[in-house]
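Here, each number is a calculation from the coordinates, and none is a lab measurement. Being a predicted model, the structure only gives us computed values, none of them experimental. Here the Cβ positions follow ideal geometry from the backbone for every residue, glycine too, while neighbour counts run over all protein chains shown.
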Amino acid sequence: MKSFLIAWKDFKIRAMDRRGFMTMLIMPLILTLILGMALKDIFGRDEGFQETSVGLYVDKKDPMADALKQDVLEKTEFLTLKTVDSEEKLKEMVKKEEVEVGILIPAEWSANLDEAVLYSNQDTQLKATVVESIISSFTERVQTISKTSEAVMKNATQTQAVATGEGAGKETAERVSMELTESGKVDMEVGNQSVGETSISSMQYYAAAMLVMFLLFNVTLGAKSMIQERHTDTLARLNSAPMNQYSILIGKFLGTLYFAFIQLLLFYVATSLFFNVNWGESRGQVVAFGFMYSVAVAGLSMLLAAFIRKEKTADLISGIGIQLFAIVGGSMLPIYAFPERLKTIAALTPNNWALTGFLDIMSGVGWSGLLLPFSVLGLIGLVSMLIGAWRLRGRYA
C-alpha cells in the first residue's frame, strides 16, 4: 500500500508539470504528423506499395523477357507497365518523369539473366530498388528451375532403360521439367514492412515509432527523479516514515510505470481519433503490449538511477543517448530498410522490440506472434528492476 502511495505521489508531480507533460504528448503527435506525411512515399498507399509507372524496352525478342513481362510485371498490382521501342526513348521517358523506373532487357537475355539495366531519377531510387528485387526474384527462380530441370534430364536420360532402348526415360524427364517450370509460375509477392495480413502505412509506422521513442524518455525522467530526491528533503522524509527500503524502491518503479503507461494510452487515443491511425484489430493487444513496454521503461529507469549520481549525466543521456537509441531502433528511418548488420544491432535496443511489436499488431499478427517481443520486454523490465533495486537499496536505507 505504501508503495502505491509513493507511486501516486511521483505520478502527480510529473502530471502537474504541464509544460513537461504537454511536451511528452504534443511533441510526439506533431512529429508523427510531420514524418507520416512527409515520408509517405516510402511506404506508399495504406493498402500496399505506392503505384509505380515502369517503362520496358526489350532489345531483342526473348522468351525470358516475355515471361518477365507477362507473368510478373503485368501481374504486379502496383506496377503500371509501358512498353517502348528504343533505349533512347526509355531514357528520355525516365528523364522527363513520364515513367518512374525504366527497365532495359538486352539481347539474348536468357543466356545471362543478370544483365538487365534499370534507370531512375534520384527521387525514385527506392521504387527502382523494389522493381529490381522483383526482377532478381524472377531470375533466381528461373535459374533454379533451369538447373533442376537440367539435372533431371541428365539423370533420366542416362538410366539403363534408356540406354537399352526400353522405357520412356526421356519423355519422363521432359514431363518433369515442364512440371517444374509450371510450378515456378506463381504470383510473386514483394516483401514489405508487414509480417501479418495488412501492410503498414507511413502514419502507422511513425505513430508507433514516436510512441516508443518518447516513452523511452521516461527512463531518464525516472532516474533524474531519484537523483533529485537525494539532494532534497524528500528522501529524508521517506526514510523517516515507517516503511522498508524495498517499499520505497517499488514505489519509485511504479511511479514511472504509471506515467509511461498513461502517456501511452493518451497517445494511442489521440492518434486513433485525430490521425485515423489503425493500431490493429485488437485493442487488448495494444494495451497489453504497451503495458509491458512501460514495465521495461520503468525497470530501465531504476537501472540507470543505480549507475549515475548527477542530474547532468541524466540530461546528457536524455539528449544524446535516447536519440541514438531512436535512430538505431528504427524511430527515425524505417527499420525494414536497414541493412542486415544494422538490424542485428537494433535488436539490442528495447525500443526496437517495442516498435516491431506494435507494427506486428498493426499488421494483424495474433497473440502467439507477440510472444517473443512480449517476453523480451518483460525480461528487460524485470532484470533491470532487480539490478537497480539491489544497487539502490543502500541509498534508501
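Residue by residue, segment 11-17 carries 3J(HN,Hα) couplings of 5, 5, 4, 6, 5, 7, 7 Hz when phi is fed to the Karplus relation 6.51 cos²θ - 1.76 cosθ + 1.60 (θ = phi - 60°); x denotes Gly or Pro. Between ASP59 and LEU386, the simple spin-label model (points 7 angstrom out along Cα→Cβ) gives 6.5 nm. Working note: Karplus 6.51/-1.76/1.60 with θ = phi - 60° gives segment 55-66 the couplings x, 10, 10, 10, 4, 8, 3, 8, x, 6, 5, 5 Hz, where Gly and Pro are set to x.
Neighbour counts of C-beta atoms inside 10 Å place SER137, SER368 in the sequence SER368, SER137, starting with the fewest.
Measuring between alpha carbons in the structure, the pairs from LYS310/LYS343; LYS224/LYS343; LYS91/LYS343; LYS12/LYS312; LYS82/LYS343; LYS95/LYS343 lying more than 26 angstrom apart are LYS310/LYS343; LYS224/LYS343; LYS91/LYS343; LYS82/LYS343; LYS95/LYS343. For chymotrypsin sites (Phe, Trp or Tyr not before Pro), no site in segment 324-361 is both called loop by DSSP and has at most 14 other Cβ atoms within 10 Å. Annotation for GLU140 and LEU265: the two label points, set 7 Å from Cα along the Cα-Cβ direction, are 4.6 nm apart.
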